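Step one of this worksheet: look at the structure below.
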Amino acid sequence: MPRGRLRVYLGVAPGAGTTHALLDEARRRVAGGGDVVIATIGTRRRPGLDQASTGLERVGDGTAVEVEELLARRPTTVVVDDLHEAGSARHDHRWEDVEELLDAGIDVITALDVRRIASLADVVASITGSRPIGVVPDRVLAEADQLQLVDIDPHTLRRRLAHGGLCPAEELDAETAATLQPAALCALRELALLWTAGAVAVRRTVDHGAPVAQVRERLIVGLSGGPETEPLLHRAARLAARIPGAELHAVHVLTGQRPVVGVEPDANRLRDLAVSVGATYQQVIGTDVAAALLAVAEAEHGTQVLVGADQPVAPAARTPQRGGPPGRTAARAWGTVVAGGRRLRRGPGTAARLVTLAAGPAEGLDVHVVCTASGSGSGAMPRSRPGLPRWRQVGGFVLSGALPALLTVGLRTADPWVGLPGVSLLFLLAVVVTALVGGLVPAIISAVVGSTLLNYWFIPPVRTFRVAEPHNVITLIVFVLVAVLVSAVVHRAATLATRAARASAEARALAVMAGAVLRGDEALPTLLEHVRSAFGMTSAALLERAGGSWHLLHARGPLPPRTPAEADVTVRAGENLVLGLSGRTLAATDRALLRAFAAQAEGLLERDRLARAAAVAARLEATERLRDALLAAVGHDLRTPLASATAAVSSLRAGDIAWSAAEGQELLATAEESLQRLARLVADLLDLSRLRAGVLTVTPSVVWLDEVIPPALDELGDPARAVDLRIAEDAPPVLADPALLTRVLVNVLANALRHSPAGVPPAVTASAGGDRVQVRVIDHGPGVPSQDRERIFTPFQRLGDTDNGVGLGLGLALSRGLAEAMDGVLEPEDTPGGGLTMVLDLPAAAEPAEARPDALELTEGPE
């Protein structure tokens, strides 16, 4: 019996339209005369989907795939939605039910979104914050006969959610809500596109027999085990992530030679690094690192090779042919090298040798040389003394005597074939070489020594210092002139090079110093660290004199100087301000640049002090605004209940009026209600002041939501009886203060009740997402514009409330403060279909040994 065909619709996110695609395909097949039945379909009470599924035959109740009934019915096609869900009585997973139907020769069309692919679960968890529970193995999708991506723009999906087109607001759990954030939707869409591109590449290879190397990029990165390994591997991983379906192979070549880096590379560490970025790790043995990497690239059908520009190369036993390493059947590679903006010179390094070996005539392999030097380029400043370095001067003095002597010995035997003109030119060449290496003084010495040896051994009469011909005197003078001129040019070039290096280093230092100004609160410590490293010092400190003693303001490095006397170098940075460095003394030219750093340090310090003063002024201004708002609110909201209570008590005490028992009770109830309202307002004010002062006592404990939500509803009275409670059965307890959590819920629920339209009560849902629990209070009222959502958390702000009897406007401000005190978050969201949803996010607690309380009966509103 031929196996059935599997068609999969893969959505970029929940709500992308995979269920619509399933139903459209089912209707198309029915119109074509096919026998199609629906096993499961996730309409989620969406009218459009319910209408689209009308008229299609169903088997079972739609909650599970009834495999036995379907095998007995034997339709040509079965529609199975939500492939990741739990299976039927025959299997643990729904995709296993589908495989049994396929084995029976029944076609299946199914759907899922990218979150449910097993290999992507870790990436999805990093995007959404929670790992998906139901996943489908990649092999199931790889074996599908047709795979179609259902794409949708994230903004379009968000609009669909706002209009209630995805699911009812009461069914929006924590995991789905995290998935539907704009940043998460963009990341999931990109993930789906990349995964689908890779799957299509594999399918093309299998179905059409295309060469493997032509349909998928395979990156080979060579690891030396040195300090450049990790940044090189990360660079390769980023490059692979930009290429759909790319594979990354990390290769470490064991040469048997002593490592240049000084320590043996840790194979386990290299393997862990490779696995952490999704690479395949392997070790190979070879005497030539470059040849070994090319051999691995050929075996793995590699298309790109990455190596570090400063990777060492092991000595090679022999040099392979230009076309490739020994044993390569064809030279099919070409190399492109860019390293620090310059062409890489072919030398002894692995990178240059790899390019040489990969320079075959055929295309197929790119070589990337990545600059992975660990230094930041901000080391000690170059020397400021112009001219040649000391090692070149020493070399010049050695050459000034050695070259003329060696030429004399060699030319004594070759004189008859060279002649006096050739001998003179060779001695002149020796003078030029000495001048190029050592400068003026070694060149003059070389000219004097060379001219003396030339006169004594080669100019007639030989073995005497007498010059018989006038033109030979000119030869000796030219020797000295050439030496002076060439050495002068070399000295000037060296001086200009030294000055250029110095200017470049100073420009980099000043650029970093200027950039530090833009780095906020850490600008001054960053500047001191750069001063310390730029001048090669052990420590740098900014000292201020106040009250007759020195104070250390900021420091970098071990054992910083605490007074100017303890510093090796001091530069005045301002009045009573000194920049001190320890480690060595500095030249005068270095001090000029150091004074620029000191001036910048003074500016940064002044900026920090002004910023702190501005912050204090802003807090004072905010406090003043808060005081004004408090006085304005207290003028009515506190006086009204106080006046009502006073009037009721005064009436009862009046002796000239005889109140009946019912009237007396009514006045007492009025006084009690007014005093309770006054007590709540004062309590809110006290709690808000404690929150601002940071002295609110929080006692976190394990709290079941079933224990705190019903009492909060009871506190709100009869209007709260209509609230619809939907707490997930698997919702874990939260770690919170029960009393504070109850107050938060009361405030948020009261706000939802006040703004909910008549006949549409608010709803409360609770669900887990990772290690957090979300309580969502949903209303379908007018909602709050996005630009005003932060204002509703401002104290004494009653956005949209015209009734002053609703309170001081502290409810949401206090609720957010209490939530944050319990390590929680209170944020507003749009309610699907219209309205406002307040999301209370709290840390989940480890479930205690005792079972979840079930004696408490939840208050549930009408469906």
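Computed from the Cβ-Cβ distance with R0 of 60 Å, the FRET efficiency linking Ala683 to Val284 stands at 0.25.
For the range 1-111, with all protein chains in place and a probe radius of 1.4 Å, 47% of the accessible heavy-atom surface sits on carbon or sulfur. Charge tally around Gly824: other residues with Cβ under 11 Å, Lys/Arg +1 each, Asp/Glu -1 each, net -3. Eigen-decomposition of the gyration tensor built on the alpha-carbon atoms of the range 1-64 gives equivalent ellipsoid semi-axes of 19, 15, 13 angstrom, largest listed first. Here the extension length gained between Ala402 and Asp608 equals 67.8 nm, from 0.36 nm per residue of separation less the Cα-Cα distance.
One chain, two ends: Val394 and Gln676. Fully extended at 0.36 nm per residue, the span grows by 91.9 nm beyond their Cα-Cα distance. Among the trypsin sites (Lys or Arg not before Pro) within the range 549-579, those in coil by DSSP and having at most 16 neighbouring Cβ atoms inside 10 Å are Arg562. For the pair Arg74 and Ile133, a Förster radius of 41 Å applied to the C-beta separation gives a FRET efficiency near 0.80, rounded to the nearest 0.05.
Counting 0.36 nm for each residue step from Leu559 to Glu143 and taking away their Cα separation leaves a gain of 143.2 nm.
Element breakdown for the range 115-173 at a 1.4 angstrom probe: carbon and sulfur atoms account for 50% of the accessible area.
Placing unit charges on the Cβ atoms only, positive for Lys and Arg and negative for Asp and Glu, gives the range 59-153 a dipole magnitude near 180 debye about its Cα centre. The residue among Leu740, Pro757, Leu716 whose Cα reaches farthest toward the positive pole of the charge dipole of the range 708-778, with charges on the beta-carbon of Lys, Arg, Asp and Glu, is Pro757. Modelled label positions at Thr452 and Val480, each set 7 Å beyond Cα in the direction of Cβ, lie 1.4 nm from each other.
Computed over neighbours whose Cβ is under 11 Å from that of Phe793, the net charge equals -1, Lys and Arg +1, Asp and Glu -1. Taken per residue, the accessible surface of the range 82-172 reaches 42 Å², heavy atoms only and a 1.4 Å probe. A Förster radius of 30 Å, combined with the Cβ-Cβ distance separating Thr699 from Arg754, puts the computed FRET efficiency at roughly 0.50.
Simple spin-label estimate for Cys186 and Glu707 gives 4.3 nm between the two label positions (7 Å along the Cα-to-Cβ direction from each Cα). In nanometres, what is the gap between the two model label sites at Asp103 and Glu621, each 7 Å from Cα along Cα-to-Cβ? With each label point 7 Å from Cα toward Cβ, the separation is 7.4 nm.
Between the alpha-carbon centres of the range 745-777 and the range 29-96 there is a gap of 34 Å.
The values are calculated or read from the model by the stated rules, or taken from the named source; none is laboratory data. What you are looking at is a predicted structure, and each value in this text was computed from that prediction instead of being measured. Glycine gets a Cβ as well: all are built from the backbone with ideal geometry, and neighbour counts include every protein chain shown. Side chains included, ligands, DNA and RNA excluded: accessible areas come from the protein's heavy atoms. Shrake-Rupley method; radii C 1.70, N 1.55, O 1.52, S 1.80 Å.
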